[in-house]
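Worksheet: one structure, shown below.
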Amino acid sequence: MPRRLEIELTSERPDGTWTWRAAGAKQPKGELDGGVLPGGAKVGDVLRADAEFLIDGIEITAVLPPKGARKEPERIEITGSGREEPLVTTQLVQRGRGDRPGRGRDRDRDSNRGQRRDRRGGERDRSERGDRPRGPRPEVPERPRPKRLRPGRTHRNAVIDGVPVEQRPIADQLLRGGVPAVREAIAKQNAEAAANGRPQVPTDQVVAMAEALHPKLRDAEWKDRAAAAIADIDDLDLRDLRSVVVAGDGAVHDDEAREMLDQLRTGLTRRVEEEHATWVADIAANLDAGRFVRALRLSSRPPKAGTPVPTELSSRLVAAVSEGLTPTTNQELWAAALDALAFSPVRQQVVPAGRPETPTEDLLEAVRRVADRLPKIAELFGVDPSEAAAAKRRRPPRAKAAPAPAADQP
């Protein structure tokens, strides 16, 4: 079962892999595939990660985007109308000849509902561009959530069943933490034996047995993961599939394992091509629907790290964002767009049509947080890019309850 830990990125390699270590410590440490990192990751970032503790080391299977730590509980602000009114009101309505019981209340409720819709619509219209075309927008496809890897224990249990009974405690320790776990267990057992006057375990002999058993257990554990990946290869999360292939590249396998690895490599190549086509189609569909914030977020998460957005689609994305950020655009949408744009590959090409005449403090704070990645937009708002580091350390402002802008839904 994956465990959650905080890791610090320590270096980036030319082949797309990264090195990491536990946040604030030298150990444990390891490497991971750059494809599991969120967009905009850089050396020194501290991220939350899901990790599998295998017998040959720790494998990072997923990395979560950073989130701001709250220093106080969330609160709900109740403003009210500000008027003093009686706690209970009663109004008697005379029923007409053709009215049935409840009809008057239904009409009143429908009328009030319509007035609320009209009022919300008017407020929304005033906060958006007046020249936005009306009418239904194109549908955006909803993609099913990919499956996560759920390996079994068939191969691992087969190896353990073939181990002599007296060596099974060694196998259990190997599964927990490899040969270092065996050495630690021996040291602890010998310390207790010495304190109680009992004979100690021969360390070198037990470690030799562990080192001989370790490759078999490691290969069996990989086969269990590979078998689970092959069973769900069409629906498996691409990060999990890639992690299994990467883990299999550096190991020595038998004929069965090599056949499984070839099948996984072929499946990974096919899935990357399919995911790339889906990625491009989703960006285009969101642009067609006017959801340029979602299109920006998608552009920063390609199926394969470093894959550029096609030139024609990139031009459409730049034009949509530039035209969508105007002086009359809702300022919450402005902030969401800047947050997404900061990690998009088109961030240096976007030139907003204009900034709000009187930006709110929330919007200015959003600009400060991304000023180092969007220096041109920071200059448009009169923000110094050097303010970005301090803004990122501050807690982001709480989102206020307001109707979602119709021009986009971030």
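What follows is calculated from the coordinates using simple rules that are stated; it is not laboratory data. Worth saying up front: this structure is predicted, and the values here are computed from it rather than measured. In this analysis, Cβ positions are derived from the backbone assuming ideal geometry, glycine residues included, and neighbour counts consider all displayed protein chains.
A few points about this structure:
- Rounded to the nearest Hz, the phi-derived 3J(HN,Hα) couplings of the stretch 33-50 under the Karplus curve 6.51 cos²θ - 1.76 cosθ + 1.60 (θ = phi - 60°) are 7, x, x, 8, 7, x, x, x, 5, 9, 4, x, 5, 10, 10, 8, 9, 9, where x marks glycine and proline.
- The HN-Hα couplings worked out from phi for the stretch 375-391 by the Karplus form 6.51 cos²θ - 1.76 cosθ + 1.60 (θ = phi - 60°) are x, 5, 6, 4, 5, 4, 9, x, 9, 7, x, 5, 7, 5, 4, 5, 5 Hz, whole numbers, x standing for Gly and Pro.
- Relative contact order for the stretch 154-274: 25 percent, from Cα pairs under 8 Å spaced at least 6 residues apart, divided by residue count.
- Per-residue Cβ neighbour rank within 10 angstrom, fewest leading, Ile60, Ile160: Ile160, Ile60
- For Thr10, distant residues with modelled amide H under 5 Å away: Thr19, Trp20, Arg21, Gly44
- Shown in residue order for the stretch 5-14 are the 3J(HN,Hα) couplings computed by the Karplus curve 6.51 cos²θ - 1.76 cosθ + 1.60 at θ = phi - 60°: 8, 9, 10, 10, 6, 10, 6, 10, 9, x Hz (x for Gly and Pro).
- Remark: for residue pairs Lys29/Lys188; Lys26/Lys392; Lys147/Lys304, the C-alpha separation exceeds 20 Å in Lys29/Lys188; Lys26/Lys392.
- Cβ crowding within 10 Å averaged over residues, with 337-346, 191-200 ranked highest first: 337-346, 191-200
- Packing here is the average count of other Cβ atoms within 10 Å per residue, and on that basis the peptides 202-209, 258-265, 313-320, highest first, run 313-320, 258-265, 202-209.
- Tail fraction, Cα-Cα pairs, the stretch 289-393, threshold 18 Å, whole percent: 44 percent
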